[in-house]
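Worksheet: the structure to be examined is printed underneath.
The values are calculated or read from the model by the stated rules, or taken from the named source; none is laboratory data. Being a predicted model, the structure only gives us computed values, none of them experimental. Note that we place each Cβ from the backbone using ideal geometry, even for glycine, and neighbour counts take in every protein chain shown.
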Amino acid sequence: MLLAFICALAFAGTARAHEGDDDEPSGRWQGSSWGFELRGGAAFRTADADVAPVPVVGLGVRVCTLLTLLDAELFATTAGFVRNVDGGRYDLRRTSIGVDLRLHPLFVRSVQGRFVDRVAAGLHLAIGAGADVLSIAGGEAGERLDRTDVAFAFAIGLGVDVPLTEPNDHPWSLWMGFGWRMRFVGFAGSAPGLRNMDEHQALLTFGVRFHDLSGIPLPVPPELDDVDR
């Protein structure tokens, strides 16, 4: 379904691009922005035997330089869930605070300006680091555990950003993102069976970007302008 949705957006964007083929090339937005994102999705702890998903929600502040050569986001997410381990029932709250750096292999496609080029430029690899806060309460009778721990976390992943509005039409644009992250973190003081908190995250983001980071819409280099081809 996700692939079908992206393909439908790509088809619609390509049609819009062909309608404007007769327009004279002008200054265009080329990747620089700042903005806010809503994060949502599901986390799957690798040590869970039943691979039960956990809902994840959060917010992020994102900054991209020209051509998204530097694309960084400061974010915070949180998830509350319950686990039964070794006969004990535990209530957990996991909060992640960190920075994601996104590397865009096809960043140069930003200057071409069509919908399919924006999607191609939005493909990225992600590297992240930060801190996870784990609050845990519960356990067997007489062996109650109630504590909060903080640990360093590291993440890798990939994703794609899809424009929902044309960035050249307004000084702002709306974007949707799809991503996957593998987050590595451990809590030595947690309950047995709940110390390895490595997890997979499937993420959906919705954000608004403002294009006034550079303040100048740059013209497309003739070598990369294929509007008339």
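Anything in region 107-127 that is in a loop (DSSP other than H, G, I, E, B) and closer than 13 Å to Gln30 by Cα? List them, or say none.
Start the filter on region 107-127 by keeping residues that are in a loop (DSSP other than H, G, I, E, B), which leaves 113-114, 123.
Hits for region 107-127 are Gly113, Arg114.
For region 119-129, enumerate the residues that are surrounded by 19 or more Cβ atoms within 10 Å (Cβ to Cβ) and out of contact with any helix residue (DSSP H, G or I) (no Cβ under 7 Å at 6 or more places or on another chain).
Once the filter is applied, which keeps residues that are surrounded by 19 or more Cβ atoms within 10 Å (Cβ to Cβ) and out of contact with any helix residue (DSSP H, G or I) (no Cβ under 7 Å at 6 or more places or on another chain), region 119-129 yields Gly122, His124, Ala126, Gly128.
Here are some residues: Val99, Val111. Which one is surrounded by fewer than 19 Cβ atoms within 10 Å (Cβ to Cβ) and over 27 Å from Pro192 (Cα atoms)?
Selected residue: Val99, the only one of Val99, Val111 that is surrounded by fewer than 19 Cβ atoms within 10 Å (Cβ to Cβ) and over 27 Å from Pro192 (Cα atoms).
Tell me which residues, restricted to region 43-92, are under 18 Å from Asp198 (Cβ atoms), of a type in the set (Gly, Ala, Ser) and surrounded by 19 or more Cβ atoms within 10 Å (Cβ to Cβ).
Within region 43-92, Ala43, Ala79 meet the criteria.
Collect the residues in region 55-99 that are in contact (Cβ under 8 Å) with a residue 60 or more places away in the chain and in contact with a strand residue (DSSP E or B) (Cβ under 7 Å, 6 or more places away or on another chain), keeping them in residue-number order. Even if it seems obvious, please write down each step before you answer.
Start the filter on region 55-99 by keeping residues that are in contact (Cβ under 8 Å) with a residue 60 or more places away in the chain, which leaves 56, 60, 62-66, 83, 85-86, 88, 90, 92, 94, 96.
Within region 55-99, Val56, Gly60, Arg62, Val63, Cys64, Arg83, Gly88, Tyr90, Leu92, Arg94, Ser96 meet the criteria.
Among the residues of region 204-227, is there at least one that is modelled with pLDDT of 95 or more, within 14 Å of the chain's Cα centre (by Cα) and closer than 29 Å to Asn84 by Cα?
So far as region 204-227 goes, yes, one or more of its residues are modelled with pLDDT of 95 or more, within 14 Å of the chain's Cα centre (by Cα) and closer than 29 Å to Asn84 by Cα.
In region 95-103, is there at least one residue being in contact with a helix residue (DSSP H, G or I) (Cβ under 8 Å, 6 or more places away or on another chain) and either outside any loop (DSSP other than H, G, I, E, B) or of a type in the set (A, V, I, L, M) (or both)? Spell out how you get there, then give the answer.
Step one: list which residues in region 95-103 are in contact with a helix residue (DSSP H, G or I) (Cβ under 8 Å, 6 or more places away or on another chain), which gives 102.
After this cut, where a residue has to be either outside any loop (DSSP other than H, G, I, E, B) or of a type in the set (A, V, I, L, M) (or both) as well, the list is 102.
Checking region 95-103: at least one residue is in contact with a helix residue (DSSP H, G or I) (Cβ under 8 Å, 6 or more places away or on another chain) and either outside any loop (DSSP other than H, G, I, E, B) or of a type in the set (A, V, I, L, M) (or both).
Quick test of your reading of the structure: Gly159 fulfils all but one of (1) at pLDDT 95 or above; (2) not in a strand (DSSP E or B). Name the failing condition by number.
The single condition Gly159 does not satisfy is (2).
To keep it simple, each residue is scored yes or no on (1) among the aliphatic types (A, V, I, L, M); (2) in a strand (DSSP E or B).
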site: Asp50; (1), (2): no, no
site: Val54; (1), (2): yes, yes
site: Glu73; (1), (2): no, yes
site: Thr78; (1), (2): no, yes
